[in-house]
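See below for the structure under consideration.
The values are calculated or read from the model by the stated rules, or taken from the named source; none is laboratory data. Please read these numbers as outputs of a predicted model, since none were measured by experiment. With ideal geometry, Cβ positions are generated from the backbone for all residues, glycine too; neighbour counts draw on all protein chains shown. All accessible areas refer to the heavy atoms of the entire protein, side chains included, with ligands and DNA or RNA removed. Shrake-Rupley method; radii C 1.70, N 1.55, O 1.52, S 1.80 Å.
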Amino acid sequence: MKRFMALLTASLLVTSMTVSAAESPSTSVVVKQKTKVIIIQGPSEAVEASGTQPSYAGEGFANASDAQAAAQRGLNAGEYYNNAVSSAPGVPNAMPVGQGGRILINGVPSNLTTTLSRVNSAVAGSAQSLAATLGGRLLNVVGVKFPAANFNAATVNFYVKGLPDGTRIAARQYVNGQWIEVDVVESRTDHVVLILKGNGPVAFIALP
């Protein structure tokens, strides 16, 4: 009888251990839980990778708005921030042209500045032909736009980098499909002063 009770007790202990083992988390479950932790870490790594330098910053612009405004005028960052145009399509050895403000409106000093832009190849080609007709050399041709202001004549001092003193300059402005003669007030080292009456591309031509 004692032997039977001992065997019965041993059998109950084995059964209890089996049930307890079934209720405890298995090794495979623990592995799955660790795998989930690794997967959760993925998005944080992706966020770090996305924190790269914006494309406009690599091009020299302070923000995306400036980059878009420059693109509309056909300018790079250096040209945009200096209000200058360094070249024109198909114009060899073009002289950079800039404008720094202090325009005379109807003879009165102002704080206005013209906005410069790069012209397209059709306008540049037309200016090249014009220069050849005048027997001169096209230095550059740039788009010129005035801010909203009522005036009859604006005296504008353009910076023309590399222009030698004493160079004879002829200037023409493209208005309604025609090149109109522009009064040249002064031509000196690195500067050409013109009297303009409105918006439109301006061609700077060096005469012999």
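Would you pick out the residues in region 144-166 that are open to solvent by 30 Å² or more (accessible area, probe 1.4 Å) and farther than 24 Å from Ile105 by Cβ?
Selection gives Lys161, Gly162, Pro164, Asp165, Gly166.
For the subset of region 169-208 comprising residues that are without any contact (Cβ under 8 Å) to a residue 12 or more places away in the chain and among the polar types (S, T, N, Q), which member is surrounded by the most Cβ atoms within 10 Å (Cβ to Cβ)?
Taking the candidates together, the pick is Gln178.
Any chance you could count how many residues in region 181-206 are under 21 Å from Pro89 (Cα atoms) and of a type outside the set (Gly, Ala, Ser)?
So the answer is 5.
For region 187-208, which positions are in a strand (DSSP E or B) and closer than 15 Å to Asn152 by Cβ?
Scanning region 187-208 gives Leu194, Ile195, Leu196.
Could you look through region 115-143, keep only residues that are among the aliphatic types (A, V, I, L, M) and open to solvent by less than 10 Å² (accessible area, probe 1.4 Å), and pick out the one that is nearest to the chain's Cα centre (by Cα)?
Looking only at region 115-143, we keep the residues that are among the aliphatic types (A, V, I, L, M), and these are 116, 119, 122-124, 127, 130-132, 134, 138-139, 141-142.
Okay, now just the ones that are also open to solvent by less than 10 Å² (accessible area, probe 1.4 Å), so 116, 124, 127, 131, 138-139, 141-142.
Details: Leu116: 15, Ala124: 23, Ala127: 27, Ala131: 32, Leu138: 27, Leu139: 25, Val141: 21, Val142: 19 Å.
Among them, the one singled out is Leu116.
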